[in-house]
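> Sharing a structure here in structure tokens format.
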């Protein structure tokens, strides 16, 4: 059992996104290690101290002015600046007081634009899983008008990894950086990372029973589940459905976001209202039934950092159609997914249509891919396997000499 310091500026099992991811890490690591968590209490949310009984928690209140524009806050995280200084001051004081930690692990933020408050303090440091930083393919640049203006600030990240000394020092000093997919190592290439491992940012507790869909009759049901933003490709599935009018195929779109209006307008203009259902946002507990009801999972996101949604779909024995870029391409294999290239919206819609047509025409292929998906999820998606891998990394780092605090301060 390691004495572990977990750094997570947001941690809330009742929320979604990174707050939920951090909560999963804290809860599960607390089952195996002696964990102290440094985090913020977001205004109006249940404190982490009331949600996690197996973790020691140091929790500061987020400044009240911050966090009101949710999407803007999730990208820029203005509250991270005061959190960084509070956490760094706390770690320095703890070390000065003789408090011992074997490992510091910072699992969030996932984006690679935030320096770690634990960098260069003489403790073994793990950062990640981190990801993001993928650019929009040139052929899609003119088709991204629904995205809020501030999302374009992500383009600054590539320059910061080259020139921001604080950010570069965090990754250069980390003893291990976890990336949510293999492409992350290439993005981090401007920094000399000591050790890099691939690991998705979250996992599955138990893979549900496998599903046999061979006796189903009626239309083949496609499922898209995810936030409705242009880069995730819902529009391209809708355009593909217009090419598939001759086939008995229906599409369920589960999710909400700024691109929903564009999607609904496109469905109306193509007269596909009887074949496509836009179901909006649903609670996490409702999603399993959508996966069970589907026959094929289609998720052509062309700038998707992680592969969690693909892992979730595979755990429900679904064959997949994904873009071979970023997380979904990395999380799947050719046995369970048809992986598409990316060039233009027109080409992507046609490629999706061709992939759907291939699977609709060949139920045996669908069944083989479904079985391969389930096996792949069992092998790669479970939290138990992820924690075993983390335990091995922690053990190796704990046995590697590290600079003392005085040495690191002079570095």
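The values are calculated or read from the model by the stated rules, or taken from the named source; none is laboratory data. Computed from a predicted model, the values in this text were never measured in an experiment. Note: ideal-geometry Cβ built from the backbone for every residue, glycine included; neighbour counts use all protein chains shown.
> Filter segment 334-373 down to residues that are assigned to a loop (DSSP other than H, G, I, E, B) and in contact with a helix residue (DSSP H, G or I) (Cβ under 6 Å, 6 or more places away or on another chain) and give me whichever is nearest to residue 186 (Cα to Cα).
Filtering segment 334-373 for residues that are assigned to a loop (DSSP other than H, G, I, E, B) and in contact with a helix residue (DSSP H, G or I) (Cβ under 6 Å, 6 or more places away or on another chain), the one nearest to residue 186 (Cα to Cα) comes out as 343.
> For segment 189-197, does any single residue satisfy the condition of being out of contact with any strand residue (DSSP E or B) (no Cβ under 6 Å at 6 or more places or on another chain) and in contact (Cβ under 8 Å) with a residue 60 or more places away in the chain?
no
> Would you tally the residues in segment 275-297 being part of a loop (DSSP other than H, G, I, E, B) and either in contact (Cβ under 8 Å) with a residue 40 or more places away in the chain or exposed (fewer than 13 other Cβ atoms within 10 Å of the Cβ) (or both)?
Number of matching residues: 3.
> Quick one: is residue 205 under 29 Å from residue 129 (Cβ atoms), modelled with pLDDT under 95 and in contact with a helix residue (DSSP H, G or I) (Cβ under 9 Å, 6 or more places away or on another chain)?
When the stated conditions are applied, residue 205 passes them.
> Could I ask something else about it? Is it the case that some residue within segment 87-97 is at pLDDT 90 or above, surrounded by 14 or more Cβ atoms within 10 Å (Cβ to Cβ), over 24 Å from residue 122 (Cβ atoms) and touching a strand residue (DSSP E or B) at 6+ places or on another chain (Cβ under 9 Å)?
Within segment 87-97, not a single residue is at pLDDT 90 or above, surrounded by 14 or more Cβ atoms within 10 Å (Cβ to Cβ), over 24 Å from residue 122 (Cβ atoms) and touching a strand residue (DSSP E or B) at 6+ places or on another chain (Cβ under 9 Å).
> Being in contact (Cβ under 8 Å) with a residue 24 or more places away in the chain, over 30 Å from residue 35 (Cβ atoms) and under 26 Å from the mean Cα position of the chain (by Cα) is true for just one of 377, 381, 370. Which residue is that?
That would be 370, the only listed residue that is in contact (Cβ under 8 Å) with a residue 24 or more places away in the chain, over 30 Å from residue 35 (Cβ atoms) and under 26 Å from the mean Cα position of the chain (by Cα).
> Test residue 312 against the stated conditions and say whether it is under 30 Å from residue 32 (Cβ atoms), in the same structural domain as residue 100 (by TED's automatic domain parsing) and either touching a strand residue (DSSP E or B) at 6+ places or on another chain (Cβ under 9 Å) or part of a strand (DSSP E or B) (or both).
no
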